[in-house]
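Presented below is the structure to which this report refers.
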């Protein structure tokens, strides 16, 4: 048999072996799964959604079967199936085995499975059980090296004094996600044009100022070439926080002479200054540009670490002290990171890092959006959302100052800070159910056990997760599903008109009956039960007993979350909050979101060690947010990138 024949034979054997293995796994794992959890609703007796799966086989050569398998994979990933009305549910391990088999078999047939887990908003698709399994902690970091665009705020800080009329890096407020994310700011031709205009505009003013310095040096007898070199070096240090190489200086001097000769002084200096701003080093964060070691990971250089740490905590280019700290080669970089993170977080004169912690909670709880939710005027009540947001900012800040059991405190505290006085102050204590003559105080206000509890019953959060004229249990339940339970919900199909009946005689809960239709409830069952207990409050965040002269119904029943201690009947929002706050799982999910915020990407299984160590640091320090951030910003996930294979 010649070499071509042997190769063909080997491929055929491997293909047949793979097919046999797939058949065996189908018989052993997948078929029983279908029989236990799927066929009762999608079999010979009943075909919900006109879908039938009892005829499926391990072969995916048939196009229609392959499409159905792909749809089932997505339904399992997002927890759509089995429906929450089912009588029994698979364990996460059982579902994960079937998902893996479907994905591998589709791929073997040349049918690509679209990977979403690295996309913004889809981080929860990565298995929580595996991330926090001790067996997975031996994995190495598998996130690739990257060029990461700096944030809009960082750009403004680098170009100090720039008149940024239209920030080319700016984006709308995120909807449930974070502003600072590695894939957030694409660089296209429009962006390139805008940033070029910004660089030229800023450099025009800076070049005029530099001319004054050059003239002063010339009066002291300094030659024009040396004076121009000094101007270039100053711009390099101002923008890039480093001195230029000799080659860089020579290249820019050539550009300066050429432009001055064609357009006149100081156009050459303006062009040089703009060229420095437009360098990739100015606009991007470089992470992992070195060589991989024996473990196939790349360590970030000390300069890369200083830059990444500064932007992670402050949105400022690295200060001189930070660069000098990393120049100390007698200390391991992990030790330097821990020291510098603690120093930045403790800096009260320049509290940029502590403000970044507040920013995390603003975006995590997503309560700043309260100011964007329009509300009609109501007689006898003035709604002023910015005041409510400021109140909640104070609650978060005071909790961070104490830095103990931060998440649990924010979920369960009854101590609120209220800065508004009366309805004359563009805000109303009536929002908090206080009397109109209530006097503001700098101290916290303690609410009764059955009225307010933590962020999820704070008017700012309630308003931010409401509509213009109504509450929104769906949106509130979705937040809890994503941010505390670590769940996933498919995007709303474009063919669905997501509107509730506009019946003034029906309560909101009654109008939500349309979401219980079979094609809707498979997703709404993940959100509605979690959001309905918060009907205890109206769309302005006010505590209430009645709606349309009917007693408010706050009862619910949570099923199939897969999280210990959460499922079961619910009577009040406080009961639900207590369950969530006491859950180790929810605490771990919180750690995952802190990871995404400070590292700017979704976690992968290669980050299991980092997440487990970060959660341990949080627990061991009685729920310290600062200890959690120190752990993350000195972790392998921050220090290393995967090498190319």
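Return the residues of region 123-138 that are surrounded by fewer than 16 Cβ atoms within 10 Å (Cβ to Cβ) and not in a helix (DSSP H, G or I); say none if nothing qualifies.
133, 137, 138, listed by residue number.
Quick check, is residue 110 in the same structural domain as residue 56 (by TED's automatic domain parsing), farther than 18 Å from residue 75 by Cβ and at pLDDT below 90?
Answer is yes for this residue.
Restricting attention to region 141-161, which residues are in a loop (DSSP other than H, G, I, E, B), surrounded by fewer than 18 Cβ atoms within 10 Å (Cβ to Cβ) and at pLDDT 85 or above? Can you show your working first?
Filtering region 141-161 down to residues in a loop (DSSP other than H, G, I, E, B) leaves 141-143, 145, 150-151, 159-161.
Subset that is surrounded by fewer than 18 Cβ atoms within 10 Å (Cβ to Cβ): 142, 160-161.
The answer is 142, and nothing else.
Hand me the list of helices (runs of 4 or more DSSP H) wholly inside region 181-273 holding 3 or more residues that are closer than 30 Å to residue 360 by Cβ and more than 41 Å from the chain's Cα centre (by Cα).
Details: elements: 189-219, 224-240, 246-263.
Filter on region 181-273 gives an empty set.
If residue 81 satisfies every condition in (1) part of a loop (DSSP other than H, G, I, E, B); (2) at pLDDT below 75; (3) farther than 30 Å from residue 309 by Cα; (4) out of contact with any strand residue (DSSP E or B) (no Cβ under 9 Å at 6 or more places or on another chain) but one, which is the exception?
Only one criterion in (1) part of a loop (DSSP other than H, G, I, E, B); (2) at pLDDT below 75; (3) farther than 30 Å from residue 309 by Cα; (4) out of contact with any strand residue (DSSP E or B) (no Cβ under 9 Å at 6 or more places or on another chain) is unmet by residue 81, namely (4).
Might you check whether a residue that is over 24 Å from residue 156 (Cα atoms), in contact with a strand residue (DSSP E or B) (Cβ under 9 Å, 6 or more places away or on another chain) and touching a residue at least 40 places away in the same chain (Cβ under 8 Å) occurs anywhere in region 223-243?
No: zero hits.
Exactly one of (1) modelled with pLDDT of 85 or more; (2) surrounded by 13 or more Cβ atoms within 10 Å (Cβ to Cβ) is unmet by residue 450. Its number?
All conditions pass for residue 450, except number (2).
Could you tell me how many of the residues in region 508-556 are in a loop (DSSP other than H, G, I, E, B) and farther than 24 Å from residue 568 by Cβ? Full working, then the answer.
Just the residues of region 508-556 that are in a loop (DSSP other than H, G, I, E, B), to begin with: 517, 525-527, 538-542, 544-545, 548-549, 552-555.
Narrowing further to those that are farther than 24 Å from residue 568 by Cβ: 517, 538-542, 544-545, 548-549.
Of the residues in that region, 10 qualify.
Tell me whether region 19-35 contains one or more residues that are buried (at least 17 other Cβ atoms within 10 Å of the Cβ) and assigned to a loop (DSSP other than H, G, I, E, B).
no
Among the residues of region 345-358, are any assigned to a helix (DSSP H, G or I), outside the structural domain of residue 476 (by TED's automatic domain parsing) and without any contact (Cβ under 8 Å) to a residue 12 or more places away in the chain?
Looking through region 345-358, at least one residue is assigned to a helix (DSSP H, G or I), outside the structural domain of residue 476 (by TED's automatic domain parsing) and without any contact (Cβ under 8 Å) to a residue 12 or more places away in the chain.
Just to check your reading of the model, which residue among 437, 497 is more than 24 Å from residue 385 (Cβ to Cβ) and either modelled with pLDDT of 90 or more or in a loop (DSSP other than H, G, I, E, B) (or both)?
Sole residue among the options that is more than 24 Å from residue 385 (Cβ to Cβ) and either modelled with pLDDT of 90 or more or in a loop (DSSP other than H, G, I, E, B) (or both): 497.
Being in contact with a strand residue (DSSP E or B) (Cβ under 7 Å, 6 or more places away or on another chain), modelled with pLDDT of 90 or more and assigned to a loop (DSSP other than H, G, I, E, B) is the filter here, so list the residues in region 287-332 that pass it.
300
Yes or no, residue by residue, for (1) buried (at least 17 other Cβ atoms within 10 Å of the Cβ); (2) modelled with pLDDT under 95; (3) touching a strand residue (DSSP E or B) at 6+ places or on another chain (Cβ under 7 Å):
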residue: 558; (1), (2), (3): yes, yes, yes
residue: 563; (1), (2), (3): yes, yes, no
residue: 576; (1), (2), (3): yes, no, yes
residue: 607; (1), (2), (3): yes, no, no
residue: 617; (1), (2), (3): yes, no, no
residue: 645; (1), (2), (3): no, yes, no
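Tell me which residues, restricted to region 612-634, are assigned to a helix (DSSP H, G or I) and more than 19 Å from residue 308 (Cα to Cα).
Once the filter is applied, which keeps residues that are assigned to a helix (DSSP H, G or I) and more than 19 Å from residue 308 (Cα to Cα), region 612-634 yields 612, 613, 615, 616, 617, 618, 619, 620, 625.
The values are calculated or read from the model by the stated rules, or taken from the named source; none is laboratory data. What you are looking at is a predicted structure, and each value in this text was computed from that prediction instead of being measured. Note that we place each Cβ from the backbone using ideal geometry, even for glycine, and neighbour counts take in every protein chain shown.
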